[in-house]
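Quick note: the coordinates plus some simple rules give every number you see, no bench work behind them. Just so it is clear, the structure is predicted and the values come from calculations on it, not from any experiment. Every residue, glycine among them, receives a Cβ derived from its backbone with ideal geometry; neighbour counts consider all protein chains shown.
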Amino acid sequence: MQIPDMRGRTVLVTGASDGLGLASATALARAGARVLMTSRDAEKGERALATVREAVPAAQAEVVPLDLADLGRVAAAADDVRSRADSLDVLLLNAGVMMPPERRETADGFELQLGTNHLGHFALAARLLPLLLPVAGSRVVTVSSLAARAGAVDLADLQWQSRPYDRQPAYGASKLANLLFAFELERRLRAAGTGTASLAAHPGVSGTNLMSTMQLPRVAERVSKLLLAGPDQSARPQLYAATATAASGGEYYGPKGPGEVRGRTVALATVPPAARDRATAEALWTRSEELTGTRFDLG
């Protein structure tokens with residue numbers, strides 16, 4: 001896809017050390033953007049930065065340490081970003097964990113997938129929104145998944161403490177939470193009359209390193225990566241949401257192909273009915289504020 005000229009614009013990409021995040025960071029740097037690349041692992045972050053600079057020698061790119069599974073580190077990362085940049089044009093919430101073999105918790109005691117995929121990003125977006133609001137046309141892009149279609153957010157047991165843990169439904173719930181957040185943020189941004197938009201995207205089924213957390217047999221993982229779309233193609237929907245002039249707030253993008261599994265063309269994606277449930281979105285928003293201790297200042 002053709003990305004518009006991004007010179008003079010600053011973009012933050014979470015989870016930019018590999019996969020979709022690295023592909024997105026490279027494409028945005030090639031278009032001229034200043035790219036802040038977050039990485040939980042310092043060494044992986046530096047390797048990713050070297051990869052971007054090799055592909056784009058003139059890249060304006062730098063690494064920001066961020067661990068979404070630790071709210072203290074989320075706050076520190078937001079402070080770090082504010083010390084580096086006066087404004088943000090795009091906040092691309094891409095990072096995630098996918099179906100670890102057993103129930104694990106974040107540093108704050110949250111179920112790992114919800115805590116990383118939703119709550120960590122919720123807290124980061126709340127802390128960085130003041131950098132976006134003054135910028136006309138700025139965007140928050142949340143990366144969801146096809147798994148959201150089968151997701152169900154249980155507000156009475158968000159952390160999977162009262163029922164047997166099942167990593168697949170837990171992952172689907174976290175990705176549905178991403179969509180509920182993206183659409184609720186858009187409603188609040190519009191109600192406040194801001195010039196910032198909230199959009200969402202999904203990559204289809206991508207052969208990225210995210211699958212490594214599933215602990216697939218080595219042969220199965222290699223075969224999957226060969227058969228599925230690679231990061232460069234799978235990142236197109238989120239890049240479209242982040243940069244296309246035709247993209248609008250409240251929209252959800254994915255690959256145009258059978259079942260939205262893969263495809264080189266980007267199109268509007270199918271929104272799961274549960275993601276349109278405003279009552280659940282509002283309740284999840286309130287609960288997320290309580291759990292993370294953050295608030296969105298839209299004034």
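Dividing the Cα radius of gyration of region 80-129 by 2.2 N^0.38 Å, with N the residue count, gives 1.35.
Might you report the magnitude of the Cβ-based charge dipole of the chain about its Cα centre, with Lys and Arg at +1 and Asp and Glu at -1, to the nearest 20 debye? It comes to approximately 800 debye. The fewest-to-most ranking of L199, L20, L114 by surrounding Cβ atoms within 10 Å reads L114, L199, L20. By the count of other C-beta atoms within 10 Å, a proxy for reagent exposure, M37, M99 are ordered fewest to most as M99, M37. The value of relative contact order for region 1-83, using C-alpha pairs under 8 Å at least six residues apart, is 26 percent.
Projecting the Cα atoms of G151, A55, G137 onto the dipole axis of the chain, where Lys and Arg carry +1 and Asp and Glu carry -1 at the beta carbon, places A55 farthest toward the positive end.
Short-range pairs are left out: with C-alpha atoms under 8 Å and at least six residues apart, the relative contact order of the chain is 18 percent. As a ratio to 2.2 N^0.38 Å, the alpha-carbon radius of gyration computed for the chain takes the value 0.91. Measuring nothing but alpha carbons in region 44-105 and taking Rh as the Kirkwood radius, the Rg to Rh ratio lands at 1.03.
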